[in-house]
Structure formats: C-alpha cells, structure tokens
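Taking it in order: structure first as structure tokens, then the write-up.
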C-alpha cells in the first residue's frame, strides 16, 4: 500500500480541470449478457463467480467496479493485475473490466470485446451506440480525470492565471480534436468548480 506523505486536500490547491477518459464496462464477446440489465441479472444469479479485472487495488477501474456493486447490490471477485489484463479479458479468464474507452475501442469495433455501457452520464462520442450505465443504474457515474494543481501556498494571482490559461487552451478546436483522438473528453473546470469536483470525487 502506498502511504502519501502529504494531505491531498490541504496541501494541494486545485487549479483547473483538464480532461476525463470515459470508461466502458467491457466483457469478452463470448460472455452471455448483452446489456447492463442482463449483466446485473447474471451477477445476481452468479454471486461472486464473475471475475472483475483491474489495473490494481484502489485504482479508478477497481473503485468504479466497487461503486457499481454498491449501487446494484451485486458481488464480483476482484482480480487486480500488476501488468496487462487485456489477454485474460480477451480469453475470458476475467469476465469484465472497466476499460478506458480509448483502449477498448479497436477491440470492440472488431467484435473481440463487447462494451455493455460507458461510465459517464452521457454516451461517448467514439461509441455512440453504447448506452450509459446511468440509463439503467440511475446516478451512476465514474471516470478518470486529469487536472492541474499546485502547492497550497501558491499565490492566488498565479493560480488564477493558470486556471484562465488552461480554460482558454481547452477551448481551442485543435486541442478538443486531439483530446477526442486520444479518447478523452475536455473537462474545463475553473478554480471553484474544480475544487468542488475534487471534493465530490473524494467523498464518492
């Protein structure tokens, strides 16, 4: 377990949100459930029998899966990986992983994996035919996110200037296009909105 030598909330001041990578609840093509509703029903009839892979304990994939279980009353077996989980997902050794959309996209389009839903509240532009988990599990939302922060003693005029500059950069069409190519959604949150976002995410 990693022990932080600083307090995230008191030692770092959130400056601006940058982007979020949507995740897709992804299963092998041979896995029976075709929808989130069918997946929940399957979990209810096979409690603790479905292997849920992740890139490690406490990471976004793991926490997203745990949130799903809490909100649906289901139970899976968590299988954390130190390396690449994708070969085991493709072979069916693990039956589900919360995979970044950008990482899953080509395999989903090739029919080797199936995306049951995306984890943002709205559909991902790169997977327009895949519903949101929120369509079936109201209030569910989970994704990674990137933001800009600084030591808490950084002068306000500096953090404000950095926030304004970041929001301006994220409004550039070329930046938006590049983020989309990488499978990211812009998250242009200025100081106060980003502070709230960070606090809400920690509570969640």
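FYI, it's all coordinate maths here, none of it is from the lab. Small disclaimer: the values here were computed from a predicted structure and weren't measured. Quick reminder, even Gly has a Cβ in these numbers, built from the backbone with ideal geometry, and neighbours come from all protein chains shown.
General observations
- Seen against the Cα atoms of the chain and their longest principal axis, helix 36-45 is set at about 60 degrees.
- Shape class for segment 23-135, computed from the alpha carbon gyration tensor (a ≥ b ≥ c): rounded, with a/c under 1.5.
- Pairs of Cα atoms farther than 16 Å apart, segment 109-172, %: 64 percent
- Antiparallel DSSP beta bridges within the chain, as percent of all bridges there, nearest 5: 70 percent
- Label point 7 Å beyond Cα of residue 34 along Cβ direction - residues of segment 77-117 with amide nitrogen under 20 Å: 96, 108-117
- With Cα atoms, 0 to 90° folded angle of helix 60-72 axis to the chain main axis: 60 degrees
- DSSP beta bridges in segment 23-135 [antiparallel fraction, %, rounded to 5]: 55 percent
- Taken along the Cα-to-beta-carbon direction at a fixed 7 Å, the label points for residue 41 and residue 121 span 2.9 nm.
- When you work out D = kT/(6 pi eta Rh) for the chain at 4 °C and 1.567 mPa s, using the Kirkwood radius from C-alpha pairs as Rh and the Stokes-Einstein form, the result is 71 µm²/s.
- Label-point gap, in nm, between residue 195 and residue 82 - each point 7 angstrom along Cα→Cβ: 4.1 nm
- Residue of 70, 127, 116 that the Gaussian network model of the chain assigns the largest fluctuation, springs spanning Cα pairs under 10 Å: 70
- Cα centroid of segment 1-70 to Cα centroid of segment 146-200, whole Å: 24 Å
- Förster radius 35 Å - calculated FRET efficiency between residue 103 and residue 158, Cβ distance, rounded to 0.05: 0.50
- By definition, a body whose alpha carbon gyration tensor gives a ≥ b ≥ c is oblate when a/c is 1.5 or more and a/b is not larger than b/c, and segment 140-204 fits this oblate description.
- Per-peptide packing, taken as the mean over residues of other Cβ atoms within 10 Å, places 148-158, 97-107, 5-15 in the sequence 97-107, 5-15, 148-158 from highest down.
- Inter-label distance, nm, simple model (7 Å from Cα along the C-beta direction), residue 177/residue 71: 3.4 nm
- Most mobile of 85, 184, 23 in a GNM of the chain (Cα contacts under 10 Å): 85
- Shown for 169, 25: other C-beta atoms within 10 Å of each C-beta, ranked fewest to most, produce the order 169, 25.
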